[in-house]
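Report on the following structure.
The values are calculated or read from the model by the stated rules, or taken from the named source; none is laboratory data. From a predicted model like this one, the values you see are computed outputs, not experimental measurements. A quick note on method: Cβ atoms are made from the backbone with ideal geometry, for glycine too, and the neighbour counts reach across all protein chains shown.
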Amino acid sequence: MDNLLILNQNNTKSDSTKLILLTKVYRQYMKMRNFEKVDEYVDETIQLAQKLNLRRYSFNAYYRRGLFNHGFNKYQKAEENYFNAIKEATAWKNLNQVAGCYLSLGALYMEIPDYAKSLEMNQKALDLYQKYGDEGNVADCFTNIAEVYQDLHQQAKALDYLKKALKVYLKEGEKSRGTAVVHLSMGLAYFGASKEEQAKMEIPPNQRLTIALDYFNKSLKGAELIEDDGIVAESIKSIGDVYAEMGDKNLALKSYQKAIQISKTADNKINYSESLYALGDFYKKQKDYDNAVVLLANSIKVAEENKFFDNQKNSAYALSEAYEELGDFDRSLAYYKQYVEIKDQIFNQEKEKEITRQQMRIDFGVKERDYLFRQKITDGELQRQFLLAKQQQQQLKLRKQELAISDRDNDLQRINYLTKKHELENAKKLQKSDSISAQLQSIISNKKISTQEQQIKFDWKVKIFLTVGITLVLLTAVIIFFNQRKTTRLNKIINKQKRELEQLSRVKDRIFSVVSHDMRTPVNSLISFIQMLEEGNIEQDKLNRYAASLKNNLTYTSTMMENLLNWAASQMQGFNPYLEELNVQETTTEVINTLKQHALQKNISVNNHIEEGTFCKADSNMLSLVLRNLISNAIKFTPNEGSVTINAVTVNDELHINVSDTGVGMSPAQISHFNKPGYLGSGVSTLGTNKEKGTGLGLLLCRTFISLMDGEISVNADYKSGSQFVISLKQNKG
């Protein structure tokens, strides 16, 4: 900017070079959003361009200032500059630029919105482009006109213009942005068509969604070819809307999730906010309120940051409904208040636009007539007479205003005079009736005193009645409130117990499945092995292999039986922990020794890093069973050559025992499920890295026994190189 200003100052010639410098200066000020300097240098450019009769520069100055003000919603100033640009382009005899101005005016009137003016401007642009055979801009005009009709909910008319635009765009092939945009708009026309509009479109009601889906897919295909992520995201979201209305929940969900991902990656804020709202509203309709509030909160956040008022309003309303269903009435009320505030903001904006629209309608007619009249005036004398008549008319108008002010002053003087006269007459009458008034005044005073005493008694009775009534209402409200709270608490307890019973039922079914299948296999194998021994016709090598296989099966069965019995005992409240000061290092070493053979089979190192003399309050048998299940699981889900590490740290008055491995780890969903307070097991068993089997009860036993010992167990969600279970147990003080 500094360099440009220096160059402009040094160039004192009034020539085309000066115009180029001035143009660069005001364009730079436009980038800096300095409205005052923009006006200063645009006006200087226009004056010099008109002096040199270089209309191209004056046209560009007017047009760019129009676009600049248009971008900041300064509609009247933008309109004024567009019309001045039309004058310059007409004088320059460049009707193509005139058409471009009309196209911009069409967009401006669309934003206010003044649909009639928008259609008029687009039609003027269309006529000029058709005259010069500019097919590309003709198609743009068709598309803009269609957009106006879509805003007016006249989908059939919009569709007619979109078909005209599509014919032009298809000449460029499918790899055209115009083709993708028109296909998207046609899909929206069919999707948003009322029954009346569908009849005009001559389509059966049951085909509306199918046709809309077809056009959205065409738009998606074209947008992917030109790599336009904005149209891609909008097309996919629209496809999700169709699937949602069709009732295909899975495809709708996938479409919304994909639209969110693409718009977020492309940093397209409006599509991102709308896609978040669409998925959040979808979850709300499916009664998945937890997911709904997360997505809707993100949607309203993006909308607030970028001032997308309509999306703020929709998201706030949906959040209010979701929190109401969740029973969080404070947030529900807060979001509803926000919804009302945003509606008021939108209403105030519309009022401002309405004022602007009315003013621009008046100005438009004046400017249009003035413009056409000026086009016909070529004689200098006629121009001078027109200006003189205009000046005289202005003077006459001023004179009338002066006379009106003078008349108003006279009226005020007359009113003051008559008022004073009226007051004097009243004073005379009052003097004559003083004696009569004194007597009347005494009577009136006595009546007033009596009336006031009666009113005081009545008011006192009313106050007592209202006080009693309000007290009864408040007492009733308090009783109802506490009853509702009690009912809500009972409902929550019942729902929690229902979920626990359902989960326990699934665990019970799993136990029956294990007992009926997994126990039958090793027993049958043992019977078969004994029969082979009785027959005595088995070779030593086979005998060794069968014995090893049978040993593994029986070991698994033994572990399974131990877990089943322990779990059953805990559920029947047969386990009462004996809490004592327990040496954790020794207990862990004993457990590791029992699992050493299992670890050696996979060449996994099990490391006990718990320091000697580490104690906590626990039941020896229960802690051993918990450690055995956790270390056994770690070995099970750790590949060959891996490692399992056990360590302990003291935090405040608690001992945290960490069982970590370098295995396959757990998914975020599994971690979240285990860390929930009401965890009752998964009900299924997962095979280990070497296809090792399990019962699916190990982690449930761990949770049950740690709870009995007044401790806690959780999975570290931030641990990335495998899994890490954390056991928290109390330590004795002192």
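Data overview
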{"item": "For LYS287: the one exception among (1) part of a loop (DSSP other than H, G, I, E, B); (2) basic (Lys, Arg); (3) buried (at least 19 other Cβ atoms within 10 Å of the Cβ)", "result": "(3)"}
{"item": "The one condition in (1) farther than 15 Å from VAL659 by Cβ; (2) assigned to a loop (DSSP other than H, G, I, E, B); (3) of a type in the set (A, V, I, L, M) that MET622 fails to fulfil", "result": "(2)"}
{"item": "Residue under evaluation LYS617, criteria (1) at pLDDT 90 or above; (2) farther than 19 Å from ASP710 by Cβ; (3) of a type in the set (Lys, Arg), criterion not met", "result": "(2)"}
{"item": "Test set (1) part of a helix (DSSP H, G or I); (2) surrounded by fewer than 19 Cβ atoms within 10 Å (Cβ to Cβ) - GLU174 fails condition number", "result": "(1)"}
{"item": "Which numbered condition HIS153 fails, given (1) in a helix (DSSP H, G or I); (2) over 21 Å from LEU105 (Cβ atoms); (3) out of contact with any Lys or Arg (no Cβ under 8 Å at 6 or more places or on another chain)", "result": "(1)"}
{"item": "Count - residues of region 589-605 that are of a type in the set (Val, Ile, Thr) and in contact with a helix residue (DSSP H, G or I) (Cβ under 6 Å, 6 or more places away or on another chain)", "result": "2"}
{"item": "The lone exception for VAL182 - which of (1) assigned to a helix (DSSP H, G or I); (2) out of contact with any helix residue (DSSP H, G or I) (no Cβ under 6 Å at 6 or more places or on another chain) it fails", "result": "(2)"}
{"item": "Failed item, numbered, when TYR556 is tested on (1) at pLDDT 60 or above; (2) not assigned by TED's automatic domain parsing to the domain that holds CYS702", "result": "(1)"}
{"item": "Failed condition for LEU95, given (1) farther than 30 Å from GLY136 by Cα; (2) surrounded by fewer than 17 Cβ atoms within 10 Å (Cβ to Cβ); (3) touching a helix residue (DSSP H, G or I) at 6+ places or on another chain (Cβ under 7 Å)", "result": "(1)"}
{"item": "Contacts under 7 angstrom Cβ, first residue in region 120-145 being modelled with pLDDT of 90 or more, partner charged (D, E, K, R), 6 or more apart", "result": "PHE142/LYS164"}
{"item": "Those residues of region 648-666 which are under 19 Å from VAL626 (Cα atoms) and either in contact with a His (Cβ under 7 Å, 6 or more places away or on another chain) or aliphatic (A, V, I, L, M) (or both), in sequence order", "result": "ALA648, VAL649, LEU655, ILE657, VAL659, MET666"}
{"item": "ALA634 being more than 16 Å from CYS702 (Cα to Cα), out of contact with any Cys (no Cβ under 8 Å at 6 or more places or on another chain) and assigned by TED's automatic domain parsing to the domain that holds ASN647", "result": "no"}
{"item": "Complete set of residues in region 228-242 that are more than 10 Å from PHE216 (Cβ to Cβ) and part of a helix (DSSP H, G or I)", "result": "ASP229, GLY230, ILE231, VAL232, ALA233"}
{"item": "Selection from region 184-210 of residues that are surrounded by 19 or more Cβ atoms within 10 Å (Cβ to Cβ) and in contact (Cβ under 8 Å) with a residue 24 or more places away in the chain", "result": "LEU184, SER185, MET186, GLY187, LEU188, ALA189, TYR190, PHE191, ALA193, GLU197"}
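Results for (1) under 16 Å from ASP290 (Cα atoms); (2) outside any helix (DSSP H, G or I); (3) of a type outside the set (Gly, Ala, Ser); (4) modelled with pLDDT of 85 or more, shown as yes or no for each residue.
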{"residue": "LYS313", "(1), (2), (3), (4)": "no, no, yes, yes"}
{"residue": "ALA322", "(1), (2), (3), (4)": "yes, no, no, yes"}
{"residue": "GLU325", "(1), (2), (3), (4)": "yes, no, yes, yes"}
{"residue": "LYS353", "(1), (2), (3), (4)": "no, no, yes, no"}
{"residue": "GLN358", "(1), (2), (3), (4)": "no, no, yes, no"}
